[in-house]
Amino acid sequence: MADLEQSMIELQEVSKQFGATFALRPTTLAVKKGEFLTLLGPSGSGKSTLLNLISGGYSSSSGRILLNGSDITDAPPRKRGIGMVFQNYALMPHMTAFDNVAYPLRVRGYSKDDIKAKVTDALKRVGLSGFENRKPKQLSGGQQQRVGIARCIVYSPSIIMMDEPLGALDKNLREQMQDEIKTLHREIGTTFIYVTHDQEEALNMSDRICLMNNGAIVQLGTPDELYFRPINRFAAQFIGESN
Ligand code: ADP
Ligand code: MG
């Protein structure tokens, strides 16, 4: 695994307040190049806020964010090269699978031939060759999320972030797609930041887990470290919980 000098993302005392409430308290975190890092915590613990601060969806209330050593704290989202996958897929309902996946390439001005090649490859990677002309409502939930993942990987973002991407799927499909996402990570080697409130999912998938509660990091470590050496009672209870 990558060492500390190769941090891809560094948060330095980054916080986010809404009015008087801290959605994220001042937080310092280094994400290593190529790792699969999972933000794990209960609802309202600040996971989505942390993703939104990295993607540029939220501007920070304090602190600095570095990407490969460059300060991106005030950079617009489009300039950050970060891909997002959402729980609700966020596909455009009137567009085919092909056009949904092509969308990020079209807004970036890729040529027609390039778009065709990249979209075909991305759909193949998620097992959806032959589904190019389907609209979202003609696809199952799992297939829709595969389109969401294809739309994210198609322009080779330097970081892929997924916010509870499997939350809307049933348990069997969730387990299958956990494996698919892990395989995708191995194949493309991109840095992943993954969000879930499911401790089993985090333990199964992650190189490291960042456990959060009340807008703060409780513990950061490998699945084994969190499982066998929880830092406090909250960590022990949250990691030990079964579904
Ligand atoms: P999680 O993703 O872990 O469920 P969030 O990051 O969405 O948690 O939320 C953390 C806290 O910040 C919650 O208390 C939530 O209500 C608050 N919060 C998040 N986004 C907003 C917003 N846009 N406006 C006001 N409060 C927000
Ligand atoms: Mg959330």
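The values are calculated or read from the model by the stated rules, or taken from the named source; none is laboratory data. Since the model is a prediction, treat every value here as computed from it, not as a measurement. In this analysis, Cβ positions are derived from the backbone assuming ideal geometry, glycine residues included, and neighbour counts consider all displayed protein chains.
Brief remarks follow.
- The test for being of a type outside the set (Lys, Arg), in contact (Cβ under 8 Å) with a residue 24 or more places away in the chain and out of contact with any helix residue (DSSP H, G or I) (no Cβ under 8 Å at 6 or more places or on another chain) holds for Thr96.
- Gly69 away from ligand 1 (no atom under 14 Å from the Cβ), at pLDDT below 95 and surrounded by fewer than 21 Cβ atoms within 10 Å (Cβ to Cβ): yes
- The range 82-112: number of residues that are of a type in the set (Lys, Arg) and under 22 Å from the mean Cα position of the chain (by Cα): 1
- Residue within the range 74-89 that is modelled with pLDDT of 95 or more, within 13 Å of ligand 1 (Cβ to nearest atom), surrounded by 15 or more Cβ atoms within 10 Å (Cβ to Cβ) and closer than 18 Å to Phe192 by Cα present: no
- In the range 37-51, the residues that are buried (at least 24 other Cβ atoms within 10 Å of the Cβ) never reach a residue that is of a type in the set (Gly, Ala, Ser) and modelled with pLDDT under 95 with C-beta atoms less than 8 angstrom apart, at least six apart or across chains.
- Every pair of residues 6+ apart whose Cβ atoms lie under 7 Å, when the first sits in the range 9-21 and is at positive phi while the second is of a type outside the set (Val, Ile, Thr) and at pLDDT 95 or above: Glu13/Pro26; Glu13/Ser62; Glu13/Gly63
- Residue in the range 7-36 that is surrounded by the most Cβ atoms within 10 Å (Cβ to Cβ), counting only those that are more than 16 Å from ligand 1 (Cβ to nearest atom) and among the hydrophobic types (A, V, I, L, M, F, W, C): Ile9
- Residue match in the range 129-141 (condition: more than 26 Å from Leu40 (Cα to Cα), surrounded by fewer than 22 Cβ atoms within 10 Å (Cβ to Cβ), without any contact (Cβ under 8 Å) to a residue 24 or more places away in the chain and in contact with an Asp or Glu (Cβ under 9 Å, 6 or more places away or on another chain)): no
- In the range 180-217, the qualifying residues are those that are within 16 Å of ligand 2 (Cβ to nearest atom) and among the hydroxyl-bearing types (Ser, Thr, Tyr), and the one that is surrounded by the fewest Cβ atoms within 10 Å (Cβ to Cβ) is Thr196.
- Subset of the range 100-132 [assigned to a loop (DSSP other than H, G, I, E, B) and more than 12 Å from Val147 (Cβ to Cβ)]: Arg108, Gly109, Tyr110, Ser111, Ser129, Gly130
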